[in-house]
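What follows is a single structure, written as C-alpha cells, with notes after it.
The values are calculated or read from the model by the stated rules, or taken from the named source; none is laboratory data. Not measured: the values here are computed from a predicted model. Cβ: placed from backbone, ideal geometry, glycine included. Neighbour counts: every protein chain shown.
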Amino acid sequence: MTTSSESNALSLTLDVNGKACEATVEPRTTLADCLRNELHLTGTHLGCEHGVCGACTVLVDGRTARSCLMLAAQAEGCRVTTIEGLSGEGELEPLQQAFWDRHGLQCGFCTPGVLMTLTELLRDEPNANEDAIRLALSGHLCRCTGYQNIVAAALSAVECIRRRP
C-alpha cells in the first residue's frame, strides 16, 4: 500500500477472486465501494450500509465479512472472494445450481450476500441442517421472500455435496 503525496489516495493491490487487482482509493473507501466502483465487480450489493442487511457480504480469507463496514485498505494482503468468484470455468457451484433449481431468489438483490454466507457455512458444515442454515441466514434481510425457497435450495445443495465423491 502506498500513499500519494499530492492527496491522501492509497494505491492498493488486492487479491480478488484469485487475481491481483490494483485500485487507487481514498483512505475512507469501503471494500464494497472499491469492489463496485474501482474494480467494477457490481455483484456485491449495498443495502443498509450499516452491516445489518447482509447484501454486501463477501469472503475475506474464507470468512464472511460485511464489505460496507470494512475499509478497502484492510483487505490488502487478504484473499477476497465476491459472488463473481464463486463459479469456476462457467459452471455453477452446487449451491448456485440449487438456487436456480429451487427458485431460491426473487428480485436477486440480497442473493449474492446470501450465497456468500451459505458458501462459508456449507464449506465448514457440509452436513448443515435446516436449523444451522436458518441461523446462518439470520444475518440477512430479504424483503421478497419468507426464506423457504432459500432454505430449500441450501438443503438441496447439502444433498448434492453429500453425493460428491
Which members of the range 142-159 meet the condition of being part of a helix (DSSP H, G or I) and more than 14 Å from Arg123 (Cβ to Cβ)? Gln148, Asn149, Ile150, Val151, Ala152, Ala153, Leu155, Ser156, Glu159
Please verify whether the range 103-113 includes one or more residues that are touching a helix residue (DSSP H, G or I) at 6+ places or on another chain (Cβ under 7 Å), in contact (Cβ under 8 Å) with a residue 40 or more places away in the chain and surrounded by fewer than 20 Cβ atoms within 10 Å (Cβ to Cβ). yes
Given the condition in contact with a Ser or Thr (Cβ under 9 Å, 6 or more places away or on another chain) and of a type in the set (A, V, I, L, M), answer yes or no: does some residue in the range 82-92 qualify? yes
Wholly inside the range 72-140, helices (runs of 4 or more DSSP H) that include 2 or more residues that are outside the structural domain of Thr42 (by TED's automatic domain parsing) and of a type in the set (Asp, Glu) are 111-124, 130-137
The residue from Gln106, Gln74 that alone is farther than 23 Å from Arg162 by Cβ and either within 10 Å of the chain's Cα centre (by Cα) or at pLDDT 95 or above (or both) is Gln74
What are the residues in the range 82-102 that are more than 13 Å from Ala157 (Cα to Cα) and surrounded by fewer than 20 Cβ atoms within 10 Å (Cβ to Cβ), if any? Glu84, Gly85, Leu86, Ser87, Gly88, Glu89, Gly90, Glu91
Being within 24 Å of Glu89 (Cα to Cα), of a type in the set (S, T, N, Q) and either surrounded by 19 or more Cβ atoms within 10 Å (Cβ to Cβ) or at pLDDT below 95 (or both) is the filter here; which residues of the range 18-47 pass it? Thr44
Selection count, the range 111-165, where residues are among the polar types (S, T, N, Q) and farther than 26 Å from Cys48 by Cβ: 3
Which condition does Thr42 not pass, out of (1) touching a residue at least 24 places away in the same chain (Cβ under 8 Å); (2) of a type outside the set (Phe, Trp, Tyr); (3) in contact with a helix residue (DSSP H, G or I) (Cβ under 6 Å, 6 or more places away or on another chain), if it passes all the others? (1)
From the list Ser156, Ser87, Ser67, exactly one residue is under 11 Å from the mean Cα position of the chain (by Cα) and on the phi < 0 side of the Ramachandran plot. Which is it? Ser67
State whether the residues of the range 110-118 include one that is at pLDDT 95 or above, over 16 Å from the mean Cα position of the chain (by Cα) and among the hydrophobic types (A, V, I, L, M, F, W, C). no
